Structure formats: C-alpha cells, structure tokens
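What follows is a single structure, written as structure tokens, with notes after it.
What follows draws every value from the coordinates through simple rules; no lab data is involved. Note that the structure is a prediction, hence the values are computed from the model and not measured. Reconstructed Cβ throughout: ideal geometry from the backbone, glycine too, with neighbour counts over all protein chains shown.
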C-alpha cells in the first residue's frame, strides 16, 4: 500500500508530552508544538535545536537564533502519565461512548494538552 493511500492519522497530538527515542536528543522530554501530518513529523519544544543565521530585516534585528526543526514521529513516543517513561498509544471506548487515548504501558488515560 502506497503512502498516499494511507490515512495520515497520527496517535500523537498537539500538546502531548513526548520522549525522544533516537538521535542526539535521545531521552529528552518535551511538549508537541505542531503536528505535520502529511510529512509524518512533529515539532517538539526544545528538541532538535539548530543554529540559524538570520539577516536583519525591518521587522527583526537578525543575528544567530536557535530554532526547533521537526522530528519524525517514529522517533518519539508518548510519555506515560504515571511515570514519564515512553509508551505506545491505545484506544478505549468509555461508558458514554467516547473514544479515549490510553497509554499501553500503564493503561492510564492520556490527557489532551
């Protein structure tokens, strides 16, 4: 099945607390600022920081800035609400019929950020 045919639904959402699994920021935790579903990437606060040299404009003075770049969704995992360790995401249907996300490791509900 081609990538274009697959629905771009991700189990990680904006506001979630995630743990980085691989790369130079391995083990770091941060909040998801933005989810890029088409590219299957997430922008995490304080993770994957790079130095950018900005030319001065009328709006900004320019100089050297630190910015976050997106990281692939496979390289992050949701932080378990119980102990903060990496966990997979599952779904349960509550008594009132709503579908809620739960952490597979502890079974606790994942609160929307």
message: Test of understanding: in a Gaussian network model of the chain with alpha carbons linked when under 10 Å, which of 38, 17, 68 would top the mean-square fluctuation ranking?
response: 38
field: Relative contact order computed over the chain (Cα-Cα under 8 Å; 6+ residues apart), in percent
entry: 22
query: Under a GNM of the chain (C-alpha, springs under 10 Å), which listed residue has the highest mean-square fluctuation: 28, 79, 59?
result: 59
Per-residue Cβ neighbour rank within 10 angstrom, fewest leading, 106, 87: 106, 87
message: What is the distance in Å between the Cα centroid of the range 68-107 and that of the range 1-63?
response: 17
message: Sort 35, 42 by Cβ crowding within 10 Å, fewest neighbours at the top.
response: 35, 42
task: Between 82, 52, 34, find the one with the highest GNM mean-square fluctuation for the chain; connect C-alpha pairs within less than 10 Å.
output: 52
query: Roughly what would the spin-label model give for residue 92 and residue 69, points 7 Å off Cα along C-beta, in nm?
result: 4.0
